[in-house]
Amino acid sequence: MTITGGPKLLTYSGNLKQALHFANMNVIDHVRDMAAAGLHSNVRILSSLFLTMSNNNPELFSPAQKYQLLVYHADAIFHDKEYRNAACKYSMALQQKKVLSKTSKVRTSTGGASTNIQAQSLPSEIEVKYKIAECYTILKLDKDAIAVLDGIPSRQRTPKINMMLANLYRKAGQERSAVTSYKEVLRQCPLALDAIIGLLSLSVKGAEVASMTMDVIQSIPNLDWLSVWIKAYAFIHAGDNQRAINTICSLEKKSLLRDNVDLLVSLADVYFRAGDTKNAILKFEQAQMLDPYLIKGMDVYGYLMAREGHLEDVEVLGGRLFNISDQHAEPWVISGCHSFYSKRYSRALYLGAKAIQLNSNSVQALLLKGAALRNMGRVQEAIIHFREAMRLAPCRLDCYEGLIDCYLASNGIREAMGMANNIYKTLGANAQTLTILATVCLEDPVTQEKAKTLLDKALAQRPDYTKAVVKKAELLSREQKYEEGITLLRNALANQSDCVLHRMLGDFLVAVNDYQEAMDQYSIALSLDPNDQKSLEGMQKMEKEESPTDATVELDGDDMEGSGEDGDLEGSDSEAAQWADQEQWFGMQ
């Protein structure tokens, strides 16, 4: 009988303990336990009912209990992503907390829990203020979020409060306050690497930042790489791409950090900034193979692939990222790049605006929208977006190139020249800055000779820099120095394969009556980018066997995003109107 009755006795004993436990709990304890268990929908319903009971009978719950109910109710609403409603309920909780602080005696409810236990379990007022600021940030009410967090005394600010404040200050252009907050984060958490990146992005010296982490590096084993990591990101934010590449490569070669996805993405991004498209794509692909769910940096990768003419791959990439998350800007940017390079500018504009809506700090989204606006003839609106991209990423030359293209499109050669000279003086004489300045000089007949000198200097530094080769070929075409142009393009293609270069070589070969090889070059160009209209036109002319005297040789420059060329919108008028309606609905410029 003992054996058969054992489980029943144990069950009875367990039920008795549970009954005694519940007997010592009041209703607030039940709500708190459900919140801790993640039963948010249940908390929302129950707390709503209790709050209504409290409003109808103020004596039913003590001020402390009503404060707790309001906080738990707001938490449940926050979990349902109703952020404006949640902010309102959190604010009501803070008002209730003020009532509570004025009350010396805490009334007990019919539940019977002791006053001391209630006082110890009250939600933190600082945490409630942080939640309000979080709601405001999501709602893009940054000024209101700063006002709430500024109201918290400095000594009571937790690391996450200082981190949020620092990010908000930086976004608002309050750099000194942002630096102070980032430093406070590092003082409390010396391994907060995003705070380190924040400081470096605000031009704080790498040595100063490294000194703030020295104690933890020396006290914990296997952290000797951190000082090198800081140096690498210091180079990135100083615009010293080559030294950044060398430093990250030295880190990546270390056995403990080999195949780190974040390092690979950073390395790919720096290669992209340095104009090394081939290595950038290679590193992005390597990172993607290591982490198939990677989102960070994929917008740049998608842009590069679209620019290289791999539109089918871009479409697949965008679809895959949408399946991972449609709440990030990256998949929208990638789809926008596909539309842009398919010359569907209205759709690219909509997708770029949607990406900005999700992440207003997305540089690639701003560039996409700016490029779409420029190619639709809305140059002044495009300028606003390129300027914002420049503010967010002052070391990214493609932001400046977009703005310069806008100036040139509106005949603002003086403004373009001023911008190009400023880049040249600020970032130094490297292949990219020399080419940007030469591009502007090519627009003015008076400065043609200066453009040639600048391009020669750029190619002396980097003979394989595609943009410099394209601009030099354009210049040689104007001067009808076809043999020299052919030599230049052959040398450039010896170590790389680029659609624009092959097409331009085809154009030069037509000019010297070498039709067979010209046809081969057009074929290679189309194999690299089947959508390259200029190569297709060149091939069609060859197939018609036009005579050299009647043929019009069109020698083009770089057909990449920065060309500023107005293309026809694909799709019917009804499609354009549909996207225009969506554009207006999303509040686009």
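In segment 493-535, what residues are among the hydroxyl-bearing types (Ser, Thr, Tyr) and either open to solvent by less than 60 Å² (accessible area, probe 1.4 Å) or under 33 Å from the mean Cα position of the chain (by Cα) (or both)? Step through it out loud before you land on a result.
The initial filter retains those residues of segment 493-535 that are among the hydroxyl-bearing types (Ser, Thr, Tyr), namely 497, 515, 522-523, 527, 535.
Of everything in segment 493-535, those that are among the hydroxyl-bearing types (Ser, Thr, Tyr) and either open to solvent by less than 60 Å² (accessible area, probe 1.4 Å) or under 33 Å from the mean Cα position of the chain (by Cα) (or both) turn out to be SER497, TYR522, SER523, SER527, SER535.
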Query raised in the report: With (1) open to solvent by less than 30 Å² (accessible area, probe 1.4 Å); (2) closer than 25 Å to GLY309 by Cα; (3) not acidic (Asp, Glu) as the list, and ILE423 as the residue in question, which single condition is left unmet?
Result: (2)
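How many residues does segment 401-416 hold that are out of contact with any Phe, Trp or Tyr (no Cβ under 8 Å at 6 or more places or on another chain) and part of a helix (DSSP H, G or I)? Walk me through it before giving the result.
Of all residues in segment 401-416, those out of contact with any Phe, Trp or Tyr (no Cβ under 8 Å at 6 or more places or on another chain) come to 401, 404-405, 407-412, 414.
In the following step, the residues that additionally are part of a helix (DSSP H, G or I) were identified as 401, 404-405, 407-409, 414.
Residues in segment 401-416 being out of contact with any Phe, Trp or Tyr (no Cβ under 8 Å at 6 or more places or on another chain) and part of a helix (DSSP H, G or I): 7 in total.
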Query raised in the report: For residues in segment 495-518 being without any contact (Cβ under 8 Å) to a residue 24 or more places away in the chain and either assigned to a helix (DSSP H, G or I) or of a type in the set (Val, Ile, Thr) (or both), which is farthest from ALA468 (Cα to Cα)?
Result: GLN516
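Can you name every one of the helices (runs of 4 or more DSSP H) wholly within segment 234-338 that holds 2 or more residues which are touching a helix residue (DSSP H, G or I) at 6+ places or on another chain (Cβ under 6 Å), within 29 Å of ALA353 (Cα to Cα) and without any contact (Cβ under 8 Å) to a residue 60 or more places away in the chain?
Details: elements: 241-253, 261-273, 277-290, 298-307, 311-324.
Of the helices (runs of 4 or more DSSP H) lying wholly inside segment 234-338, those with at least 2 residues that are touching a helix residue (DSSP H, G or I) at 6+ places or on another chain (Cβ under 6 Å), within 29 Å of ALA353 (Cα to Cα) and without any contact (Cβ under 8 Å) to a residue 60 or more places away in the chain span 261-273, 277-290, 298-307, 311-324.
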Query raised in the report: Just to be sure, is ARG490 open to solvent by 30 Å² or more (accessible area, probe 1.4 Å), touching a residue at least 12 places away in the same chain (Cβ under 8 Å) and closer than 20 Å to LEU434 by Cα?
Result: no
Query raised in the report: Just checking, how many residues over segment 427-449 are touching a residue at least 12 places away in the same chain (Cβ under 8 Å) and either farther than 23 Å from PHE272 by Cβ or surrounded by fewer than 18 Cβ atoms within 10 Å (Cβ to Cβ) (or both)?
Result: 6
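Yes/no per residue for (1) surrounded by 17 or more Cβ atoms within 10 Å (Cβ to Cβ); (2) over 23 Å from LEU455 (Cβ atoms); (3) hydroxyl-bearing (Ser, Thr, Tyr):
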residue	(1), (2), (3)
ARG320	no, yes, no
ALA348	yes, yes, no
VAL363	yes, yes, no
GLU401	yes, no, no
Query - Set VAL99, VAL43: member being open to solvent by 50 Å² or more (accessible area, probe 1.4 Å) and either assigned to a helix (DSSP H, G or I) or not small (Gly, Ala, Ser) (or both) - result: VAL99
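Which residue is farthest from LYS283 (Cα to Cα), if the candidates are limited to segment 246-264 and must be among the β-branched types (Val, Ile, Thr) and buried (at least 22 other Cβ atoms within 10 Å of the Cβ)? I'd like the intermediate steps shown before the answer.
Start the filter on segment 246-264 by keeping residues that are among the β-branched types (Val, Ile, Thr), which leaves 247-248, 261.
Pick out the ones that are also buried (at least 22 other Cβ atoms within 10 Å of the Cβ) and you get 247-248.
On the way: THR247: 15, ILE248: 12 Å.
Result: THR247.
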Report task. Quick one: GLU388 ticks every box in (1) without any contact (Cβ under 8 Å) to a residue 24 or more places away in the chain; (2) in a helix (DSSP H, G or I); (3) surrounded by fewer than 18 Cβ atoms within 10 Å (Cβ to Cβ) except a single one, so which number is it? Result -> (3)
**Report entry** Leading residue by the ranking (farthest from LEU392 (Cα to Cα)) among those in segment 164-192 that are part of a loop (DSSP other than H, G, I, E, B) and open to solvent by 70 Å² or more (accessible area, probe 1.4 Å)
**Finding:** LEU191
Query raised in the report: How many residues are without any contact (Cβ under 8 Å) to a residue 40 or more places away in the chain and either under 20 Å from LYS171 (Cα atoms) or open to solvent by less than 40 Å² (accessible area, probe 1.4 Å) (or both) if we restrict to segment 370-381?
Result: 3
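The values are calculated or read from the model by the stated rules, or taken from the named source; none is laboratory data. Note that this is a predicted model, so its numbers are computed, not measured. Cβ: placed from backbone, ideal geometry, glycine included. Neighbour counts: every protein chain shown. We work out accessible area using only protein heavy atoms, side chains counted, and drop any ligands, DNA or RNA first. Shrake-Rupley method; radii C 1.70, N 1.55, O 1.52, S 1.80 Å.
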